[in-house]
Amino acid sequence: MKILRSIEDTRATVQAWHKKGETVALVPTMGYLHQGHLSLVKIAKENADHVLVSVFVNPTQFGPNEDFDKYPRDFEHDESLCNQAGVDGIFYPTKELTYAEDHSTWVQEENLSKTLCGVTRPIHFRGVATVCLKLFNITQCQVAVFGRKDAQQALIIARMVRDLNVPIKIIKAPLIREEDGLARSSRNKYLSKSEHQQALALSRAVFKAKKLFDAGERSSSVLLDAAHSEIDPSGGIIDYVEIMSQRALRPIATITEPALLAVAVKYGKTRLIDNVFLEV
Ligand code: AMP
């Protein structure tokens with residue numbers, strides 16, 4: 001497995017594969033990898049000849065009072081997991097390599113990024129879209145895999161690729177959970193034992209609503225009440241509990257098109273998200 005620390009090495013590696021007619025799938029991550037990330041690697045392997053994982057805690061997607069400085073990092077662990085998973089290369093750039101000091105060009109998706117996490121994290125998706133386009137340009141990948149854990153992010157990247165005619169196939173991979181139901185996340189490391197127990201309300205909430213949806217319920221308010229009945233007593237501070245159309249990420253009263261039930265709640269200092277796709 002190659003450790004690629006420069007843009008030149010990454011391009012040269014990929015060009016050698018392309019010369020042989022071989023394809024590349026990219027899995028963009030911020031590292032501190034877990035089974036959720038590895039599930040993306042598995043899907044990437046099934047969809048291309050080679051898999052690159054990028055590990056980069058992207059400063060431009062963190063707001064001033066967010067956790068950029070304390071975001072967990074463990075490159076040795078990431079390297080060993082990628083090795084075991086059969087990854088061909090890790091692209092591991094520095095901030096200086098990724099952003100020129102006078103960087104001034106941004107990718108701003110202007111619709112899907114305005115709701116849900118975009119309300120409390122106003123610069124987040126601009127940072128995500130910009131770094132993803134940079135990573136696509138650096139790695140020259142044909143496929144990129146994103147997790148439905150970050151459903152809004154996956155929808156925004158798919159929209160960017162469509163709108164800007166980026167010649168890459170975006171695959172949305174299922175959300176992977178811990179055995180107790182909590183959505184796997186690098187940020188789960190921040191949770192105390194009791195916060196972890198409280199946070200199980202998130203998965204209970206989305207499962208409860210999904211069960212009602214599967215039984216035929218199509219009223220968003222009924223489904224949201226069901227979700228709230230789990231989250232409200234859990235002690236977390238709710239950022240949002242919403243049902244949105246997948247097409248526009250705007251609230252819908254009755255689910256007559258593919259929708260997304262998404263929640264964001266803070267336990268202690270840790271903001272967690274969870275979701276379920278509501279599709280007939
Ligand atoms: P992150 O390192 O948190 O930025 O995530 C990198 C990629 O892994 C994103 O596409 C995430 O959606 C995906 N991912 C993170 N956690 C999970 C999970 N529990 N299930 C599926 N995908 C995930």
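May I ask you to list the GluC sites (Glu not before Pro) in segment 94-186 that are in a DSSP loop and have at most 11 other Cβ atoms within 10 Å of their Cβ?
Here the GluC sites (Glu not before Pro) that fit, given the DSSP loop and packing criteria, are Glu101, Glu110, Glu179.
When DSSP assigns beta bridges and you keep just the ones with both residues in segment 125-266, what percent turn out antiparallel, to the nearest 5?
Here the antiparallel bridges make up roughly 70 percent for segment 125-266.
With the dipole of segment 143-280 worked out from charges on the C-beta (+1 for Lys and Arg, -1 for Asp and Glu) around the Cα centre, which of Ile238, Tyr190, Phe207 lies farthest toward the positive end?
In segment 143-280, that residue is Tyr190.
How large is the helix-only mean residue ellipticity at 222 nm for the chain, computed as the sum of -39500 (n - 2.57) over DSSP H runs with n ≥ 4, divided by its residue count, in deg cm²/dmol to the nearest 500?
The helix-only estimate for the chain comes to -12000 deg cm²/dmol at 222 nm.
What stretch of the chain, leaving out the sites themselves, is the longest with no trypsin sites (Lys or Arg not before Pro) in a DSSP loop having at most 15 other Cβ atoms within 10 Å?
Answer from the scan: 74-246.
With charges only on Cβ, +1 for K and R and -1 for D and E, what is the dipole size of the chain about its Cα centre, in debye, rounded to 20?
280
Can you tell me which lysines have their Cα less than 17 Å from the Cα of Lys169? Leave out same-chain residues fewer than eight positions away.
Those lysines meeting the cut-off are Lys42, Lys45, Lys134.
Size of the dipole of segment 129-220 about the Cα centre, Lys and Arg at +1 and Asp and Glu at -1 on the beta carbon, nothing else charged, in debye to 20?
About 60 debye.
Output the relative contact order of segment 94-236, whole-number percent, from Cα pairs under 8 angstrom with separation of 6+ residues.
RCO, segment 94-236: 16 percent.
Over the chain, calculate the relative contact order: mean separation of alpha carbon pairs under 8 Å at least 6 apart, over the residue count, as a percent.
17
Where does segment 1-61 land on Rg/Rh, using Cα atoms and the Kirkwood Rh? Mind dumping the intermediate values first?
On the way: Rg = 12.4 Å, Rh = 12.6 Å.
Here the Rg-to-Rh quotient is 0.99.
Under a Cβ-only charge scheme (Lys and Arg +1, Asp and Glu -1), can you give me the dipole magnitude of segment 58-116 about the Cα centre, in debye to the nearest 20?
Numbers: 4 positive and 13 negative charges, 34 e Å.
With only Lys, Arg, Asp and Glu charged at Cβ, the dipole is about 160 debye.
Can you figure out the FRET efficiency of Arg11 with Ser194, using R₀ = 45 Å and their beta-carbon distance, to the nearest 0.05?
0.40
Exceeding 24 Å between C-alpha atoms, which entries from my cross-link table qualify? They are Lys193/Lys269; Lys95/Lys172; Lys149/Lys266.
As for pairs spanning more than 24 Å Cα to Cα, those are Lys95/Lys172.
From the phi of every residue in segment 240-246, what ³J(HN,Hα) in whole Hz does the Karplus formula 6.51 cos²θ - 1.76 cosθ + 1.60 yield, where θ is phi - 60° and glycine or proline is x?
Those phi angles translate into 7, 9, 9, 10, 10, 5, 5 Hz.
Just the number please: accessible area per residue for segment 97-207, 1.4 Å probe, all protein chains included, in Å².
Result: 46 Å² of accessible area for each residue.
Work out the P(r) tail for segment 183-280: percent of alpha carbon pairs separated by more than 17 Å, whole number.
Of the Cα pairs, 46 percent sit more than 17 Å apart.
With every protein chain left in place and a probe of 1.4 Å, what is the accessible surface of Cys117, to the nearest 10 Å²?
Number for this one is 10 Å².
For the chain, give the share of DSSP beta bridges that are antiparallel, in percent and rounded to the nearest 5; count only bridges with both residues there.
On the way: 20 of 39 bridges.
Beta bridges within the chain, antiparallel portion: roughly 50 percent.
The values are calculated or read from the model by the stated rules, or taken from the named source; none is laboratory data. Treat the numbers as computed from the prediction; the structure is a model and nothing was measured. Using ideal geometry, Cβ is built from the backbone for each residue, glycine included, and neighbour counts are taken over all protein chains shown. For accessibility, only protein heavy atoms count, side chains too; no ligands or nucleic acids. Shrake-Rupley method; radii C 1.70, N 1.55, O 1.52, S 1.80 Å.
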